[in-house]
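To start, the structure itself, in C-alpha cells.
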Amino acid sequence: MKLQLKFALYNALSKAIIILAFGLALPVVIEQVVYNHVDDRLNARLDKMTLMIERGGVNEIALDQDCSFSSYNIFKEEYVAISPLSRMPDDFGKIHINNSERNIENEILKHRVLSQAFIYDNQLYNLEIGEGISSLDHLTDTIREFTLRMMLIIILIFIFLDFGFVQILLRPFRKITSQKLRNIRHPENFVPMPIQTSTTEFIELNQEINEMMKKIQLAFRSEREFITNVSHELLTPVSILRNRIENLMNESGIPNEVLSQLAESQKTLSRLTRVVRAFLYISKIENDQYLKNESVNLHELTIDVISEVEERLEEKQIKLEKNFSGDADFYPCNKSLIHTLIFNIIANAIKYSLPDSKISVTGVESNSSYKISIADEGVGIEEQNIPHIFDRFRRFRPDDTMSFGLGLPIVKTIAEFHGISIEVIGGKARLKGTEFIIGFPKSQ
Amino acid sequence: MNVLIVEDERQLSHEIEIFLTKQGYHCDVAFNGKSASEKIFINSYDFVLMDIGLPDSNGLQLLKEAKEGGKDAAFIMLTARGTIDDKISGLDLGADDYLAKPFSLLELQARMQAILRRKHGLKNNTIQISDFLMDIQNRTVNHGSNQINLTKKEFDILHYMALHKNRVITRVQLTEHIWGDVLEDDYESNYIDVHMKNLRKKLSQYGNSDFIETVRGIGYRLNMS
C-alpha cells in the first residue's frame, strides 16, 4: 500500500473516530442543558404556585368534586395539576422531577414533570407542574443529524486535502526512488545531486543514498581494476609457458612421446586461458564495459552462428531446421555479445543432442518482443535442475567432462545486460529434449 | 626483416625472440617505453610487436608517436589486459593487428605474413602443395585446371598448415586459428577433425592427399619438400 494512501486513511480514520465520539456525546450534552433550563422554569413555577396557594388557598384554584385540579394550556405543552394524596410519602417536602408520558385526550405526550407533596387545611395534596418535551427530542435529533452531516463533509474535505498535501510532501521521495535508484542501471551512471525539498528526512535520505552510491562506485571501480590486474597477472605467465612449449615443440629431434605430452600441456594451458577469459568476459559485461548501440538482424545473425557450428552438426549428423518470420531487427545491442548468446545456446543444444536427431530454431515476432526458440531432441534436463542451469560450473551429467560449465552463465549475463528474457522448458513439460525461448524486447 | 619486440616481461620477450630468430627475422628487444621509443626513431623496423601495458608508458602512446613520426613499421599490439577499448583504440591509431595474450607463436607468424602480403601486394601469391596450387589472393585451390570447392574453414586450415609446413600443428593451435577468440565452452573439442576429414576427402578426389599427415595424439603436419 502506498504511503500516501496510508496517511490519508489514517487521517480519515482518526477524524472519523473523533467525530463519532462527538456525535454520540452531543445529544447527551444537549439534553442535559435543555433539562437544566426546563427544571429552572419548573422550579420558578413551583414558587409561583406555592405563593398562589399560600395567598388564596387551594379552594381558590377551584377544585372539582374529586378535590383535584388540572389545567393544560392549549397545546398541552404545559400543565398544572393538584390531586389529593391518600398516603404520606416518605420524603415529604422533597421536589421530584421526572420525565413521564401522559395520555392527554388520546394523545401520548412526553413531559418533564415536577412533583411535590404538600398539606393544606389538613389535607395531603400532590402538586404537579409539567412541561412538554417532545419538541426537545426533535430538536436534539435535528442538531445531531446536522452535526454528523457537517462533520462528514469536513472529513471528506480533509481526506482530499491530506491526499494532496502528502502527495506534494512525498514528491522528493518519489524523485529519489525513480530518478536516483530505479533508473540507474549501473552504479557508474549515478550522479550525486542534491534534492529540492525542505523536509529534513528526505535531505538526509538523499545524502545517505549519495554516500552509499559513492561507496558502491568505488567498489565497482576497484573490482574493475582488480579484474584487469588479475587477468594481466594470470595471463602473462600462461603466455610465457605457452610460447615456451611452442618453442620446445619446434626443436628438432624431439621424440613423439615428448611432443605428445607437450601438446597435452598446451591443451591444459588453453583450458586455463579459456576459463580466465570467460570470467573476464562475464565481469566485463557486468561492469558495463561493453557498448550497447548497435542494431542487429537476428535472422542473419542466426545464419552466421549456424555456419559456425556446421562441423558440430555434421559430426553428430544433426539436422537443424531454421524457420524465421517477421521483423527480426534488435536494437540497441552489442552485436558480438548477441552473437555469443545465440552461439552458446545453439552449441549447448548440439552438445546435448543425440546423434541423428533434430534441432529446431524458430523466430517469431510478437507485440512486445521477438522470440527465438531453440529446441533439441536430446537427453533433456531434469525438472529440478532447470533453475540451476545458468549457475557457474554446473554440469548436470556426470560424464560431461568436455566443458567447464561457463557457456550458459555467459548467456545469462549477456541476457541481463540487454534485458533479454530466457525461458527454459524441459523435464515433464516436453516429451524429449530441452527448449530455450529467448525473448528480445522491442525498443520503445 | 627487422623486428622490434617491446615487452617488459623478459621471459616472454625471450621466447618470442627465439622463435622469430629461428624463422629468419632479425630481432631487437626493448623492455620499457623509453628504450622502445629511442629504438623506433633511430632504427628502421619492418615490424614492431608492442605490449600495451608497459611499466613507464603506454604502448598506444608509443604507437601514436611513431605513426606521427612517419614510421612505416607494421605494428602488432599485444595485451593481456583484455579490455576492448585497447583493441579498438589500437586499430584506430593505425596498428596493423592485435593479439591477446596468450597467443600462439604460429599465429603471430601467420599474422606477420598476412601483413606483409597486404603491405607489399605480393605478386607471386601462390603456394604449390604437391599437385595442388593454392592461390592466397583469390582463395582458391586448383589441381591442374580443376578448381576444388573448399569451404572458408577448409581453405584456412590448408593455408595455415602450408604456412607452417613440415611442422606438427596441434589441434589447439589449429582450433584457435580457425575460431579465434570465440568463447568456447568445450575445451577438448575435436571439431577440427571434421574439417580435416572433409578437406582430405575433397583433395583426394583429384590427387594424392597423403601430404597431410595425422600425428597421433598431437595434431597434423603438412609434409612438403
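Tabulated data for the structure shown
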item	result
Scope region A:125-161; condition touching a Ser or Thr at 6+ places or on another chain (Cβ under 7 Å) and of a type in the set (D, E, K, R); matching residues	A:Glu128
In region A:1-11, residue farthest from A:Asp141 (Cα to Cα) [restricted to those that are open to solvent by less than 60 Å² (accessible area, probe 1.4 Å) and either in contact with a Pro (Cβ under 7 Å, 6 or more places away or on another chain) or not aliphatic (A, V, I, L, M) (or both)]	A:Gln4
Odd one out for A:Ala263, checked against (1) open to solvent by 30 Å² or more (accessible area, probe 1.4 Å); (2) touching a strand residue (DSSP E or B) at 6+ places or on another chain (Cβ under 7 Å)	(1)
Residue within region A:281-288 that is facing another protein chain (nearest Cβ under 7 Å) and buried (at least 18 other Cβ atoms within 10 Å of the Cβ) present	yes
Residue count for region B:1-30, restricted to those that are over 22 Å from B:Lys119 (Cα atoms) and within 12 Å of another protein chain (Cβ to nearest Cβ)	14
Extreme residue, nearest to the other protein chains (Cβ to nearest Cβ), among residues of region A:336-361 that are assigned to a strand (DSSP E or B) and open to solvent by less than 50 Å² (accessible area, probe 1.4 Å)	A:Ile359
Within region B:55-82, tally of residues that are small (Gly, Ala, Ser), within 14 Å of chain A (Cβ to nearest Cβ) and touching a residue at least 40 places away in the same chain (Cβ under 8 Å)	1
Some residue of region A:320-335 being open to solvent by 30 Å² or more (accessible area, probe 1.4 Å), within 14 Å of another protein chain (Cβ to nearest Cβ) and out of contact with any Gly (no Cβ under 9 Å at 6 or more places or on another chain)	yes
Output for region B:35-53, where each listed residue is modelled with pLDDT under 90 and open to solvent by 20 Å² or more (accessible area, probe 1.4 Å)	B:Gly53
Of all residues making up region A:190-213, the number that are under 27 Å from A:Ile285 (Cβ atoms) and surrounded by 11 or more Cβ atoms within 10 Å (Cβ to Cβ)	6
Residues that are open to solvent by 40 Å² or more (accessible area, probe 1.4 Å) and either under 42 Å from the mean Cα position of the chain (by Cα) or of a type in the set (Ser, Thr, Tyr) (or both), drawn from region A:298-318	A:His299, A:Ser307
Residue in region B:126-147 that is open to solvent by 40 Å² or more (accessible area, probe 1.4 Å), modelled with pLDDT under 90 and outside any loop (DSSP other than H, G, I, E, B) present	yes
Only one of A:Asn122, A:Asn126 that is surrounded by 13 or more Cβ atoms within 10 Å (Cβ to Cβ), over 60 Å from the mean Cα position of the chain (by Cα), in the same structural domain as A:Asp91 (by TED's automatic domain parsing) and not β-branched (Val, Ile, Thr)	A:Asn126
Selection within region A:2-61 - touching a strand residue (DSSP E or B) at 6+ places or on another chain (Cβ under 6 Å) and under 30 Å from A:Val166 (Cβ atoms)	none
Close pairs (9 angstrom Cβ cut-off, 6 or more residues apart or separate chains): open to solvent by less than 60 Å² (accessible area, probe 1.4 Å) in region A:12-31, of a type in the set (D, E, K, R) anywhere	A:Ala12/A:Asp162; A:Gly23/A:Arg144; A:Leu26/A:Arg144; A:Pro27/A:Asp141; A:Pro27/A:Arg144; A:Ile30/A:Arg144
Residue satisfying all of: in region A:69-116; aromatic (Phe, Trp, Tyr) and surrounded by 13 or more Cβ atoms within 10 Å (Cβ to Cβ); farthest from A:Ser134 (Cα to Cα) among these	A:Phe69
Whichever residue in region B:20-34 is surrounded by 20 or more Cβ atoms within 10 Å (Cβ to Cβ) and in a helix (DSSP H, G or I) and, among such residues, is nearest to the chain's Cα centre (by Cα)	B:Leu20
Residues of region B:190-225 classified as farther than 19 Å from B:Asn149 by Cβ, away from every other protein chain (no Cβ under 14 Å) and outside any strand (DSSP E or B), total	5
Selected residue (criterion: nearest to A:Lys2 (Cα to Cα)) from residues of region A:112-164 that are in contact with a helix residue (DSSP H, G or I) (Cβ under 9 Å, 6 or more places away or on another chain) and among the aromatic types (Phe, Trp, Tyr)	A:Phe163
Of all residues in region A:230-280 being among the small types (Gly, Ala, Ser) and out of contact with any Pro (no Cβ under 7 Å at 6 or more places or on another chain), the one that is farthest from the other protein chains (Cβ to nearest Cβ)	A:Gly253
Residue among A:Glu311, A:Glu321, A:Glu300 that alone is in a strand (DSSP E or B) and under 24 Å from B:Thr151 (Cβ atoms)	A:Glu321
Those residues of region B:148-180 which are hydroxyl-bearing (Ser, Thr, Tyr) and either open to solvent by 30 Å² or more (accessible area, probe 1.4 Å) or in a helix (DSSP H, G or I) (or both), in sequence order	B:Thr151, B:Tyr160, B:Thr175
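The values are calculated or read from the model by the stated rules, or taken from the named source; none is laboratory data. Everything numeric here is computed off the predicted structure, so don't read it as measured data. Quick reminder, even Gly has a Cβ in these numbers, built from the backbone with ideal geometry, and neighbours come from all protein chains shown. Quick note on the areas: whole protein, heavy atoms, side chains included, nothing else; ligands and nucleic acids left out. Shrake-Rupley method; radii C 1.70, N 1.55, O 1.52, S 1.80 Å.
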